[in-house]
Each structure stands twice: as structure tokens, then as C-alpha cells.
Amino acid sequence: MPTAPKGEVSLPGGRWLVVNEQQPVAGASEGITVNALHRVVAGNLGDVVLGSVTSAVHNCATCRRMSPVDVDVNETRDEYVERFRALAREGLDELFVPDRLPALAGGRLAHFAIVDRETSVHAETRFSFRGHRFRYERQIWPPDFPLEIKTALYIEHLRERVLTGRYRSGADPEADIEV
């Protein structure tokens, strides 16, 4: 039984199984539908999908700048983390471009780092915006989304939390605000 994306197994009677079928989500900035098993009958006479999941990001300015890359289920931790680092850094740089909406205009990116903790890897961003200092950290490994979607979610969630004021400033005005 194949495990690679879009593996096919021929069945009698002009039927076949597609294992780990992966398709882009129509109309999404980034997105993927993964079907665990898809039984197809020749001539469009019918098909059955077992175990399907869809993940998508819509209207994402950051996503459109990222080049779509097939999800690599055999990607190592280090490869995934390095690709996340590059895509996230590009997205963060775009987020702090003056006069570009919906950016954090007037903000300044101070620090972006990957934090390796034995069983997980986190991305940490420190920045200033409207007179406050912020710290944003999220787990990126083990992955819970394909890389491009995980990166877009990281950037969009950071922006949404700050722009909607979904944070609490602490008692110490010099301390970073966790978002």
C-alpha cells in the first residue's frame, strides 16, 4: 500500500484507490484537502471518499506572496523548521512595511527566532507597535498544518491579536505584552 501523496492502487473492474490524495482548496489563498482513501470508478460512474480533512486560509495578504509548495510528508524536522523560518521571516518583513495595509504600520520588528525545546520547536517574535512591546510565541513542530498554512496562520494570528487589542498589558510598562 503506497503512503506517498497521491499513491494509486489498481482494483478489478476499472476501479482504483487513491491513497493520501492531496488537492488544493478552490478559492482559498492557501489550502489543502487530504483524502485518506478515495475509491474511483472509471468513466465517472461513482466514487467514495473515506477520511477527508480540509484546511484553508482565505483573504490572506501574506499567503499570496508565498510560493505554493507541495506538502512533503517525509520532510524532516530540521527541513520543516528551516523552511518555516524563511517563510515566516518574509511574512514578518511584509507585516512591518510602512504604509502597506493591512500591516502593523509604524511597528518595528525587533527579534524573530526559532526556539528548540527537546520535543517541540517554537517560533518567537518580539516587536513594538503603538508604544507597546510585544512578544508572540507559537509551537511550529510537531506540525499540525502543512507548512505554508502554518506560516500564514502564524503571521495572521499575530496581526489579528494586535490589531483587535486581544491582549492584556501587564503592570510593568517596560515588560513585553504576551499575545
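Points worth noting:
- Scan the stretch 27-44 for residues that are over 13 Å from Lys6 (Cα atoms), surrounded by fewer than 14 Cβ atoms within 10 Å (Cβ to Cβ) and over 17 Å from the mean Cα position of the chain (by Cα) and the total you get is 3.
- Matching residues, the stretch 45-55, being under 29 Å from Thr151 (Cβ atoms), surrounded by fewer than 15 Cβ atoms within 10 Å (Cβ to Cβ) and small (Gly, Ala, Ser): Gly51, Ser52
- Beta carbons closer than 7 Å, at least 6 apart along the sequence or on distinct chains, pair a first residue in the stretch 147-159 that is more than 11 Å from Ala88 (Cα to Cα) with a second that is modelled with pLDDT of 85 or more and in a helix (DSSP H, G or I) for Arg159/Leu95.
- Residue count for the stretch 87-103 under the criterion of being acidic (Asp, Glu) and loosely packed, with under 13 Cβ neighbours inside 10 Å: the result is 2.
- The residues of the stretch 135-154 that are in a strand (DSSP E or B) and buried (at least 17 other Cβ atoms within 10 Å of the Cβ), listed by number, are Tyr136, Ile140, Trp141.
- Filtered by the rule that a residue be in contact (Cβ under 8 Å) with a residue 12 or more places away in the chain and in a loop (DSSP other than H, G, I, E, B), the stretch 160-173 gives Arg166, Tyr167, Ser169.
- Candidate set from the stretch 104-134 (those that are over 15 Å from Ala88 (Cα atoms) and aliphatic (A, V, I, L, M)); member that is surrounded by the most Cβ atoms within 10 Å (Cβ to Cβ): Leu104
The values are calculated or read from the model by the stated rules, or taken from the named source; none is laboratory data. Keep in mind that this is a model prediction, so the values were computed, not measured. In this analysis, Cβ positions are derived from the backbone assuming ideal geometry, glycine residues included, and neighbour counts consider all displayed protein chains.
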